[in-house]
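S.K.: I am attaching a structure below and will ask some questions about it afterwards.
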Amino acid sequence: MASSSTPPLSAKTPGILRRAATPAPGIVHLGLGNFHRAHQAVYTDAAITSRGGDWGIIGVSSRSSALPDAMHAQDMLYTVVEISPEGSTFSVPQVHTDAFVAARNPDRVIAAIGDAATRIVSLTVTENGYNYTPATGSLNLQDPAVQHDLANCISPGTPIGQIVRGLQRRARTHAEPVTVLSCDNLADNGHHTQRLVREFASMLPAAEAAETLAWIDSHVSFPSSMVDRIVPATTDQYRMLVAEQRGYADLIPVPAEPFTMWIVEDNFIAGRPAWEAGGAVFSSDVASYEQLKVRLLNGTHSLIAYLGALSGAATIPESVTQTHIELAARSVLKNEYLPSVSVPAGVDVDAYEEQLFSRWRNTALGHRTSQVGSDGSVKLRQRIPLPALQMLDDGRIPQLLALTTAAYLSCIAPLGGFNPGTHAEAMEDPARPLLAGLAARSRSGRELAGMVLGDHHLLGEELAQRTDFIERTGQLIDIIHSSGPLAAIADASDPSPHAAIGSTQ
Ligand code: CS2
């Protein structure tokens, strides 16, 4: 840690400010976390440096006050630490104008979104933050937080509720248009967000619903965007590094890999920063980039995380450098994810694959398997069903997608007597209580897979009908439980004894 004599980071830190003043706010960001601070904030900083504009960011965190408090204590500054085996580089974005906690200041969120000066409301609230049902893609009306927000117009707690209430404030007070920009790993995230916002609005009392929907349809745009940068959790290691190498104490540095990418649909109804100055690419083909990334990167990442955790690997590099896991990862990427993707023009898939493996092998980053493995119930729904269904329709069992599912369930919902290890136990998942309850009632992996995928539609309604996929997932759970992840990888890589399963559908 920094010693007590290390001065705290602040606007007075010598040489830290690159601009006389942070511009006035034009963006309200929901989900003030590490990813936002190492991604959109960095692009916004470059845009303001190069072209100016009132694009300061008001950062809103949903419940925790740790980041807003530290941001205020440090005059809204923090360090992005770019980590690679060759060394580290440091930068301090100067874009945030304010930061606060939504749960403590619900009206402030509505006021910020409703403010005429706000021209973009952006989100990094994770796949889990949209309060929707992964199986159907619709707003989860059983969720008490959604019910609360529909009934209560002054203290919304869900991002979708906050956005709709903020948009209603705009409609009533000045009617200036605004863009809602999702930066989460969801296929077609612009339409996804628009659909949920409209669904929420349509559940309001009839006259209010009609008015709100009409206003949203004519005053709000919802571009899609594909975001990419590996950003692990902050640890004392990074605080120490900053203190040693920069000479100030930063409570909230953000570690990030050197690689960064942002592909954005250029559909901003009220203007936008010149994010291209930071390397963002504006494209009409975001959907292909999103598919490529959510499947090849995120999908393969899940397999590496779950098999790694089950093999005792604390980090992604420790996992992917085990030969059998690397082979499984290459195979799922090439043979099961890639055929389902329409590769964007100009992308060289072989080079993309090699780049992914070298990013995953970045040992200096220490990206934890438990971090990537968290929220699998929401993430896998985005990653697995479409490629799996496509292969099943072609008469082939997606062995490694079934293995990813089996490894996930073995981590989160182990059957009695099986210990998945500390890294699996550290994974958080909103479905953990449900899945653990189902595991407690199952006598085998087959039963568990039947209940989770078949009865509870964890991977959607269509895959719930595919008994061949469910059966294979169940077998692989049983192999993981009886003989370990290595045996399951071998079995999934050479599945000939199970060929008959393909004919059960
Ligand atoms: C990861 C992502 O946690 C996960 O599921 O796959 O956070 C991944 O690191 C980022 O999407 C990289 O851009």
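The values are calculated or read from the model by the stated rules, or taken from the named source; none is laboratory data. Quick caveat: nothing in here was measured; it's all calculated off a predicted structure. Heads up, the Cβs are rebuilt from the backbone with ideal geometry, glycines too, and the neighbour counts pull from every protein chain shown. With ligands, DNA and RNA removed, areas are computed over all heavy atoms of the protein, side chains included. Shrake-Rupley method; radii C 1.70, N 1.55, O 1.52, S 1.80 Å.
S.K.: May I ask you to verify whether Ser155 is within 16 Å of the ligand (Cβ to nearest atom) and not assigned by TED's automatic domain parsing to the domain that holds Ser377?
M.R.: Criteria not met by Ser155.
S.K.: Could you check segment 1-52 and list, in sequence order, the residues that are in contact (Cβ under 8 Å) with a residue 12 or more places away in the chain and of a type in the set (S, T, N, Q)?
M.R.: Ser3, Thr6, Ser10, Thr13, Thr22, Asn34, Gln40, Thr44, Thr49, Ser50
S.K.: Are any residues in segment 149-189 free of Cβ contacts under 8 Å to residues at least 40 places away in the same chain and open to solvent by less than 10 Å² (accessible area, probe 1.4 Å), and if so, which ones?
M.R.: Thr158, Gly161
S.K.: Another question, if that's okay. Could you go through segment 287-302 and let me know if any residue there is open to solvent by 10 Å² or more (accessible area, probe 1.4 Å), of a type in the set (Ser, Thr, Tyr) and in contact with a helix residue (DSSP H, G or I) (Cβ under 6 Å, 6 or more places away or on another chain).
M.R.: no
S.K.: Are there helices (runs of 4 or more DSSP H) fully within segment 334-408 with at least 3 residues that are in the same structural domain as Gly445 (by TED's automatic domain parsing) and under 26 Å from Pro85 (Cβ atoms)? List them.
M.R.: 349-360, 369-373
S.K.: Which condition breaks for Asp375 when tested against (1) open to solvent by less than 10 Å² (accessible area, probe 1.4 Å); (2) touching an Asp or Glu at 6+ places or on another chain (Cβ under 9 Å); (3) within 16 Å of the ligand (Cβ to nearest atom)?
M.R.: Looking at each condition in turn, Asp375 falls short on (1).
S.K.: OK, next. Taking the options Thr315, Thr363, Thr323, name whichever one is in contact with a Lys or Arg (Cβ under 6 Å, 6 or more places away or on another chain) and either over 30 Å from Asp285 (Cα atoms) or among the acidic types (Asp, Glu) (or both).
M.R.: Thr315
S.K.: While we're on this one: If you check Val197, Val101, Val125, which single one turns out to be under 16 Å from Gly31 (Cβ atoms), in the same structural domain as Thr44 (by TED's automatic domain parsing) and in contact (Cβ under 8 Å) with a residue 60 or more places away in the chain?
M.R.: One residue alone meets the criteria, Val125.
S.K.: Kindly evaluate Arg381 against the criterion of being buried (at least 21 other Cβ atoms within 10 Å of the Cβ) and modelled with pLDDT under 95.
M.R.: Taking the combined requirement at face value, the residue satisfies it.
S.K.: Can you tell me how many residues in segment 384-432 are of a type in the set (Gly, Ala, Ser) and surrounded by fewer than 16 Cβ atoms within 10 Å (Cβ to Cβ)?
M.R.: Summing the residues that are of a type in the set (Gly, Ala, Ser) and surrounded by fewer than 16 Cβ atoms within 10 Å (Cβ to Cβ) in segment 384-432 gives 3.
S.K.: Which condition number does Gly129 fail, the rest of (1) assigned to a helix (DSSP H, G or I); (2) open to solvent by 40 Å² or more (accessible area, probe 1.4 Å) being met?
M.R.: So the condition that Gly129 fails would be (2).
S.K.: Something else now. Return the residue satisfying two criteria in turn: it lies in segment 305-341 and is polar (S, T, N, Q) and either modelled with pLDDT under 95 or closer than 25 Å to Thr260 by Cβ (or both), and of such residues it is farthest from the ligand (Cβ to nearest atom).
M.R.: If we take residues in segment 305-341 being polar (S, T, N, Q) and either modelled with pLDDT under 95 or closer than 25 Å to Thr260 by Cβ (or both), then Thr321 is farthest from the ligand (Cβ to nearest atom).
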